[in-house]
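Right, one structure below, let's go through it.
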Amino acid sequence: MSTDAQDRVTAADKRSPPKPTSGQLRQLAAARVKSAPRTDLIDQVRQGLPFRMLEALARDLGMTSNRLAEAFLGISRATLTRRRKRGQLTPEESDKVLRFSRLLQQATDLMEGDAAAGRRWLGAPLPVLGSESPLEYARTEIGAHELEQLIGRLEHGVYS
């Protein structure tokens, strides 16, 4: 190999890998939930997920990071700015991001892999949820748990 070719290979090796897309991050989060040993996942949440996970989730939900943080995660704008600069979420915030990532994946699965349909379903008011959207309903862990049960019933044709 010529010196010129070696220089190109070396330069290519030094480049950082491409950043994953929001869909890839959501799939990564969903895969971690499904396949990671629970202790690993718990450790990641305890350490705080990277801020980019919140940004990816916001993109996947079709909203801004500010809206996701304020409306659904309970994070003020000033706190969100601090987290963005730090590049990391707190354990509590990480837990919430993982909750909504999990619900987005389950809604997408419910819609037979159609992410846009899953996103629309999460944002639409449902009479069974007291006319709240699934996203609004899932602001608490108990609400998210009930929503997961509803998704399970819908997947198996059990209407209530």
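The values are calculated or read from the model by the stated rules, or taken from the named source; none is laboratory data. On a predicted model such as this, the values are computed, not experimentally measured, just so you know. A quick note on method: Cβ atoms are made from the backbone with ideal geometry, for glycine too, and the neighbour counts reach across all protein chains shown.
Is at least one residue of region 67-84 of a type in the set (Asp, Glu), within 16 Å of the chain's Cα centre (by Cα) and under 21 Å from residue 151 (Cβ atoms)?
In the first step, residues of region 67-84 are kept if they are of a type in the set (Asp, Glu); the result is 70.
Cutting the leftovers down to within 16 Å of the chain's Cα centre (by Cα) gives us 70.
If we keep only those that are under 21 Å from residue 151 (Cβ atoms) as well, we get none.
Within region 67-84, not a single residue is of a type in the set (Asp, Glu), within 16 Å of the chain's Cα centre (by Cα) and under 21 Å from residue 151 (Cβ atoms).
Scanning region 66-93 for residues that are surrounded by fewer than 21 Cβ atoms within 10 Å (Cβ to Cβ), small (Gly, Ala, Ser) and on the phi < 0 side of the Ramachandran plot yields 71, 76, 78. Pairing each residue of region 91-107 that is within 14 Å of residue 151 (Cα to Cα) and of a type in the set (Asp, Glu) with any residue that is modelled with pLDDT under 95 and assigned to a helix (DSSP H, G or I), provided the two are 6+ apart or on different chains, yields no C-beta distance under 9 Å. Is it the case that some residue within region 145-160 is closer than 23 Å to residue 51 by Cα and not polar (S, T, N, Q)? Looking for residues that are closer than 23 Å to residue 51 by Cα and not polar (S, T, N, Q), one finds none in region 145-160, hence no.
Of all residues in region 137-154, those that are at pLDDT 95 or above have Cβ atoms under 6 Å from Cβ atoms of residues that are of a type in the set (A, V, I, L, M, F, W, C) and outside any helix (DSSP H, G or I), 6 or more apart or on another chain, in 144/138; 147/138.
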